[in-house]
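Input: a single structure, listed below in structure tokens.
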Amino acid sequence: MAVRPILRWPDPLLSTPAEAVGAPDEATRRLADDLLETMRAAPGVGITGPHVGALRRIVVIELPGDPAPTIYCDPRVTWSSAETARFTEGSVSTPGVTEEVERPARVRVAFADLDGVAREEAAEGFRAACLQHEIDQCDGIFWLRRLSRVRRERAVKRWDKLRRA
């Protein structure tokens, strides 16, 4: 396991859709281990391959209270509720910048685990927001794009100020 350097926004790789993992292999397992170590060091609750420049559709999420981290290979949202919820989001690629984002309150996500076993997970609340946030990242959609123009400009100004400090 190794802590990898995290790309900082606006690195163009953070806006590039990631490639499918397919059948997880040893390289995928090493990447998952490195992502977990990197996320914990950041610190954060979610991270993807693209955050470290590995354009693979792999997500690691570990929320407070989780018994263990969850690794999602090739995750995709298969259903989302019409009801929405707002949660404060940020990114390991823009540390220190957060903003409220509105997303569907509940989702179902299909993915494969590191053994290649197809799985599905229903999530609500903050876990649903985290899954959507990280899947967006795998799709090349950086979280700032989910903000209104005014809130995005405000967040970008905060990020620019933090980077200059």
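If you take the Cα centroid of the range 64-91 and the Cα centroid of the range 121-138, the two points sit 2 Å apart.
In angstrom, the C-alpha Rg and Dmax of the range 18-65 are 10.5, 31. Remark: relative contact order (the range 44-91) = 27 percent; criterion is Cα-Cα distance under 8 angstrom and separation of 6 or more residues.
Annotation note: GluC sites (Glu not before Pro) in the range 2-98 located in DSSP loop regions with a Cβ neighbour count of at most 10 within 10 Å are GLU83. The label point for LEU162 and the one for THR88, both projected 7 Å from the Cα toward the Cβ, are 1.2 nm apart. Applied to the range 140-154, the Karplus parametrisation 6.51 cos²θ - 1.76 cosθ + 1.60 on θ = phi - 60° returns per-residue 3J(HN,Hα) values of x, 9, 6, 3, 4, 5, 7, 9, 5, 4, 5, 5, 5, 4, 5 Hz, with x for Gly and Pro. Could you state, as a whole-number percent, how many of the C-alpha pairs of the chain are farther apart than 24 Å? In whole percent, the share of Cα-Cα pairs in the chain beyond 24 Å is 30. Global dimensions of the range 58-142 from alpha-carbon coordinates: Rg and Dmax equal 12.6, 36 Å.
Here, each number is a calculation from the coordinates, and none is a lab measurement. Predicted model, so just to flag it, every value in this text is computed and none were measured. Here the Cβ is made from the backbone with ideal geometry for all residues, glycine too, and neighbour counts use every protein chain on show.
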